[in-house]
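Notes to accompany the following structure.
The values are calculated or read from the model by the stated rules, or taken from the named source; none is laboratory data. Values in this document were obtained by computation on a predicted structure and should not be read as measured data. So basically every Cβ, Gly included, is an ideal-geometry build from the backbone, and we count neighbours across all protein chains shown.
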Amino acid sequence: MTVDSLGDVSVSTSYGRPERGGSPSPSTSNATTPSDFPPLHLPPKPKIFHGREAVVQQLKTTLLQDEGTRIAILGTGGIGKTTMATIMLHDPDIEAKFGMRRIFLRCEAMTSADGIVSGLAAALNVATDGNSDLIHSVVQYLRKTESPVLFVLDNFETPWDSPEQDAVEETLGHLDTVENLSFVVTMRGTKRPGCVKWSQPALTSLEPVDLLAARTIYLEDGGRDGDGLDKLLEALDGLPLAIVLLAYHGQTHSPAELAVAYEAERTDLLNRGRRTRLTSVEVSISFTLNCQTMRDQPDAQAVLRLLSLLPDGVDDAELPDVFPNLSHRRRALCTLHDVALLSRSGSRYKVFAPIRECILFIQEPAGPFLMDMRNYYYRI
Ligand SMILES: Nc1ncnc2c1ncn2[C@@H]1O[C@H](COP(=O)(O)OP(=O)(O)OP(=O)(O)O)[C@@H](O)[C@H]1O
Ligand SMILES: [Mg+2]
């Protein structure tokens, strides 16, 4: 059966919760289904995109070769997860496989499992007959389409990193039972949600872009070339959001002028216009600072402020000496790594430079843990 042969649509705003534990069976739901798949409604294809060739290749290969692919694009805020997913949605080979059945769902305002389910249902124009949970109707509808469907669930960290985590994972678990459905979640962090059999080899967290890509992005985004550009870009640690924002100011200022300004007023240059997560590194980071995982581990904020004083970061083995009086130091470090505020290279953890600047701008570290840290570094 194709989507064209499905029955009439009836749209309802009511939705229910999935039954805990079980996966919906096609026979338990009488959802009505639309006669056509909903019209394609994708974000525009990013015109400027560099430095991700290997990731694009891996994503494409996985999405094209398998049915029912499950991929998480992970990484810190502003590293380019949404951009990556959007590039993928517009790829001609992906378009050839999934056709009209490519759906992009923003989850940044969804704070519950019900919110996701209603978002999925709305995106598919699926309603329930009142006797079935909406998630069952969604699953039944997806199965009936038979052809491959691709969902991108963008900024999935909002519903997942919340008190509803179990219910949110259960919803993903229901989607995981649909064989003709592929889904890509983009999420801040370094860990994938449970209840899903993620496709292997799993994608590793997005890394910063290299200097060559940073330079190309900066120039294509309108920044002027000039002496000292590479040094300026090196100070951004390859974070695309910071590169794009600095390029905005670089339209009217040379790299040399920006270098002087960046020295004096760092975070000001990592903002532009109205302050949103896409126009301000500080606003972008504040979303992660306020997520549930961070709130559950209050020491993590203190450790982050302290590590922001260390451009070279800290080695795992140094932790007991650097923070001798912090009882949950390793847990705090793990938390920061889980939410991708810390990058890890071998046994060394560090905070990306633009994030460091913003953290220090928001609140300078102080108190006894700072004294301990200073004492350690004075001694060595
Ligand atoms: N590979 C890239 N080449 C050029 N520009 C990029 C690239 N990746 C990201 N950008 C730009 O960087 C900014 C942030 O990207 P994006 O929104 O994709 O990050 P994100 O990881 O999804 O952020 P968030 O965690 O807030 O959702 C955007 O302006 C985007 O255009
Ligand atoms: Mg995003």
- request: Specify the residue that is nearest to I355 (Cα to Cα); the eligible residues are those in region 75-97 that are within 16 Å of ligand 1 (Cβ to nearest atom) and of a type in the set (A, V, I, L, M, F, W, C).
  value: I79
query: Taking G51, is it in a loop (DSSP other than H, G, I, E, B), under 21 Å from L236 (Cβ atoms) and more than 16 Å from ligand 2 (Cβ to nearest atom)?
result: yes
- request: Any residue in region 209-229 that's within 17 Å of G78 (Cα to Cα) and touching a residue at least 60 places away in the same chain (Cβ under 8 Å): show its pairings with residues that are of a type in the set (D, E, K, R) and in a loop (DSSP other than H, G, I, E, B) at Cβ separation under 9 Å, as long as the two are six or more apart or on different chains.
  value: V209/R52; A213/R52
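What do you reckon, is V260 outside the structural domain of G78 (by TED's automatic domain parsing), of a type in the set (V, I, T) and surrounded by 16 or more Cβ atoms within 10 Å (Cβ to Cβ)?
Details: outside the structural domain of G78 (by TED's automatic domain parsing): yes; of a type in the set (V, I, T): yes; surrounded by 16 or more Cβ atoms within 10 Å (Cβ to Cβ): no.
So V260 fails the test.
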- prompt: Do you know which residues across region 109-134 are over 23 Å from L63 (Cβ atoms) and under 24 Å from the mean Cα position of the chain (by Cα)?
  reply: A109, M110, T111, S112, A113, D114, G115, V117, S118, A121, A122
- request: Inspect all residues belonging to region 43-59 and state whether any of them is under 19 Å from A123 (Cα atoms) and within 16 Å of ligand 1 (Cβ to nearest atom).
  value: yes
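Among T288, T276, which is within 16 Å of ligand 2 (Cβ to nearest atom), part of a loop (DSSP other than H, G, I, E, B) and among the polar types (S, T, N, Q)? Steps first, please.
Working: T288 fails: part of a loop (DSSP other than H, G, I, E, B).
Among T288, T276, only T276 is within 16 Å of ligand 2 (Cβ to nearest atom), part of a loop (DSSP other than H, G, I, E, B) and among the polar types (S, T, N, Q).
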task: Determine whether region 290-301 contains at least one residue that is touching a strand residue (DSSP E or B) at 6+ places or on another chain (Cβ under 9 Å) and under 13 Å from V339 (Cβ atoms).
output: yes
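Quick check on T145: is it in contact (Cβ under 8 Å) with a residue 40 or more places away in the chain, more than 21 Å from the chain's Cα centre (by Cα) and not assigned by TED's automatic domain parsing to the domain that holds T293?
On the way: in contact (Cβ under 8 Å) with a residue 40 or more places away in the chain: yes; more than 21 Å from the chain's Cα centre (by Cα): yes; not assigned by TED's automatic domain parsing to the domain that holds T293: yes.
Taking the combined requirement at face value, the residue satisfies it.
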query: Residue check: is A85 under 30 Å from L270 (Cα atoms) and either in the same structural domain as G222 (by TED's automatic domain parsing) or within 24 Å of the chain's Cα centre (by Cα) (or both)?
result: yes
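In the list Q292, Q301, Q297, Q251, which residue meets the criterion of being touching a Cys at 6+ places or on another chain (Cβ under 9 Å) and of a type outside the set (A, V, I, L, M, F, W, C)?
Details: Q292 fails: touching a Cys at 6+ places or on another chain (Cβ under 9 Å); Q301 fails: touching a Cys at 6+ places or on another chain (Cβ under 9 Å); Q251 fails: touching a Cys at 6+ places or on another chain (Cβ under 9 Å).
After ruling out the rest, the residue left standing is Q297.
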- request: Name the one entry in L304, L319 that is without any contact (Cβ under 8 Å) to a residue 24 or more places away in the chain and buried (at least 17 other Cβ atoms within 10 Å of the Cβ).
  value: L319
query: Which one of the conditions (1) surrounded by fewer than 22 Cβ atoms within 10 Å (Cβ to Cβ); (2) in contact with a helix residue (DSSP H, G or I) (Cβ under 9 Å, 6 or more places away or on another chain) does N290 fail to meet, given that it meets all the rest?
result: (2)
message: Out of the residues in region 62-87 meeting the condition of being of a type in the set (A, V, I, L, M) and touching a strand residue (DSSP E or B) at 6+ places or on another chain (Cβ under 7 Å), tell me which one is farthest from ligand 2 (Cβ to nearest atom).
response: L63
- prompt: Do we find a residue being more than 15 Å from ligand 1 (Cβ to nearest atom) and among the small types (G, A, S) anywhere in region 267-283?
  reply: no
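Where in region 316-380 are the helices (runs of 4 or more DSSP H), entirely inside, with at least 3 residues that are at pLDDT below 85?
Working: elements: 319-322, 329-338, 353-362, 368-379.
Of the helices (runs of 4 or more DSSP H) lying wholly inside region 316-380, those with at least 3 residues that are at pLDDT below 85 span 368-379.
For every residue, the table says whether it meets (1) under 27 Å from L336 (Cβ atoms); (2) away from ligand 1 (no atom under 12 Å from the Cβ); (3) not in a loop (DSSP other than H, G, I, E, B).
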residue: T186; (1), (2), (3): yes, no, yes
residue: V196; (1), (2), (3): yes, yes, no
residue: S205; (1), (2), (3): yes, no, no
residue: V209; (1), (2), (3): yes, no, no
residue: R215; (1), (2), (3): no, no, yes
message: It is to be established whether one or more residues within region 98-114 are within 16 Å of ligand 1 (Cβ to nearest atom), in contact with a strand residue (DSSP E or B) (Cβ under 8 Å, 6 or more places away or on another chain) and in a loop (DSSP other than H, G, I, E, B).
response: yes
task: Within region 149-171, track down each residue that is farther than 13 Å from R192 by Cα, surrounded by fewer than 24 Cβ atoms within 10 Å (Cβ to Cβ) and within 13 Å of ligand 1 (Cβ to nearest atom).
output: D154, T158
